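The numbers here are math on the coordinates, done by the rules we state, and not lab data. Since this is a predicted model, take the numbers as computed values, not measurements. Virtual Cβ from ideal backbone geometry, glycine too; neighbours counted across all protein chains shown.
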Amino acid sequence: MPTTQLSPDGAGLPGDAVARARELLERAPSGWASEALAAKVGLSPGQLRRQFRRVFGVSPAEYARAILTKRARVALAEGSPVTEALYDAGFGSSRAFYEVVPAALGMTPTQFRRGGAGVEIRYTVFESFLGLLVVAVTERGVCSVKIGDDAGGLEGQLREEFPAARLLRDDAGLTEVREAAQSLAAGRTDRQALPLDVHGTMFQWQVWRQIQRIPRGRTKTYGQLASELGRPMASRAVARACATNQVALLIPCHRVVPAAGGEGGYRWGKDRKRRLLEAEAEAGDQ
């Protein structure tokens, strides 16, 4: 029977090793080589990748990149020059920085530091099963989905969300995006292929990825998601991640409910959440 190798930094159990690996990544100034990190916690590189992805939903390398990216985002938002931000964050070169950070930010680092200045965002407004929808996209993907009853109010929220961007209404050019969103709003689609351009912390992204894995017609509690992420005491943080979801329906936070029962809160209204869950359950039974 195979045994787990004991490591100087862990207690000899896979879960302990993964937790220790995460701690090392959080503290590292510039990341770890995969072989060195695995050896440090007493696992093979393959074991560490599999265990880490099972617990946190991402690989150690993806987790490390997200940590460096978060550091860079904070520095850029505080006004640091790009060159200073990239080296302070732990990137070893400008090439590595520009390969990772623009994709994570949805814009270049300089544009992010300037609040999205110069970025063009196209959007469409249309009727759906849940009411009016506003869906906005950048060249990289959907950056905002809002639900309401007043087109002017929803467009105003979009302008507040992206005050420095160029906003262009483009109903004709976003037909495919509109059709996909309408299908989601009616509960008819479980998965969709629309790319996303949204921003969040590492933990928020972990929550959002777990939410995207909840099948149509099913729900999970905040506590269940927290446990799946290895953070059983983080139910409130999971709820906050749901509340900050920028793309309703595409990240289906309506499928997360309180343990006490009922649908729970929803940014776009409890009635809409109930109707959407009922529609998804009905479509799932067919």
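Which condition number does T189 fail, the rest of (1) in contact with a helix residue (DSSP H, G or I) (Cβ under 6 Å, 6 or more places away or on another chain); (2) more than 25 Å from T124 (Cα to Cα) being met?
It fails just one condition, (2).
Which one is farthest from T138 (Cα to Cα), of the residues in the stretch 240-272 that are in a loop (DSSP other than H, G, I, E, B) and in contact with a Leu (Cβ under 7 Å, 6 or more places away or on another chain)? First the steps, then the outcome.
From the stretch 240-272, those in a loop (DSSP other than H, G, I, E, B) are 244-246, 248-252, 258-269; that's our starting set.
In the following step, the residues that additionally are in contact with a Leu (Cβ under 7 Å, 6 or more places away or on another chain) were identified as 249-250, 263.
Values: L249: 18, L250: 15, E263: 32 Å.
The selected residue is E263.
Determine whether G230 is without any contact (Cβ under 8 Å) to a residue 40 or more places away in the chain and of a type outside the set (D, E, K, R).
Values: without any contact (Cβ under 8 Å) to a residue 40 or more places away in the chain: no; of a type outside the set (D, E, K, R): yes.
No; evaluated as a whole, the condition is false for this residue.
Answer yes or no as to whether G156 is on the phi > 0 side of the Ramachandran plot and surrounded by fewer than 18 Cβ atoms within 10 Å (Cβ to Cβ).
Values: on the phi > 0 side of the Ramachandran plot: no; surrounded by fewer than 18 Cβ atoms within 10 Å (Cβ to Cβ): yes.
Against the criterion (on the phi > 0 side of the Ramachandran plot and surrounded by fewer than 18 Cβ atoms within 10 Å (Cβ to Cβ)), G156 does not qualify.
Among the residues of the stretch 118-175, what is the count of those that are more than 21 Å from L276 (Cα to Cα), touching a Gly at 6+ places or on another chain (Cβ under 6 Å) and of a type in the set (A, V, I, L, M)?
Residues that pass the stated criteria total 2.
All but one of (1) crowded, with 18+ Cβ neighbours inside 10 Å; (2) of a type in the set (D, E, K, R); (3) within 15 Å of the chain's Cα centre (by Cα) hold for R272; which doesn't?
(3)
Kindly indicate whether any position in the stretch 206-219 is of a type in the set (S, T, Y), touching a residue at least 40 places away in the same chain (Cβ under 8 Å) and either touching a Gly at 6+ places or on another chain (Cβ under 9 Å) or over 28 Å from E120 (Cβ atoms) (or both). So that I can check it myself, show each step before the final result.
From the stretch 206-219, those of a type in the set (S, T, Y) are 219; that's our starting set.
Among the residues that remain, those that are also touching a residue at least 40 places away in the same chain (Cβ under 8 Å) are: 219.
Those still in the list that are either touching a Gly at 6+ places or on another chain (Cβ under 9 Å) or over 28 Å from E120 (Cβ atoms) (or both) too: 219.
Within the stretch 206-219 (the criterion being of a type in the set (S, T, Y), touching a residue at least 40 places away in the same chain (Cβ under 8 Å) and either touching a Gly at 6+ places or on another chain (Cβ under 9 Å) or over 28 Å from E120 (Cβ atoms) (or both)), the answer is yes, since at least one residue qualifies.
Would you pick out the residues in the stretch 207-239 that are outside any helix (DSSP H, G or I), within 17 Å of the chain's Cα centre (by Cα) and hydrophobic (A, V, I, L, M, F, W, C)?
Within the stretch 207-239, I214, L229, A234 meet the criteria.
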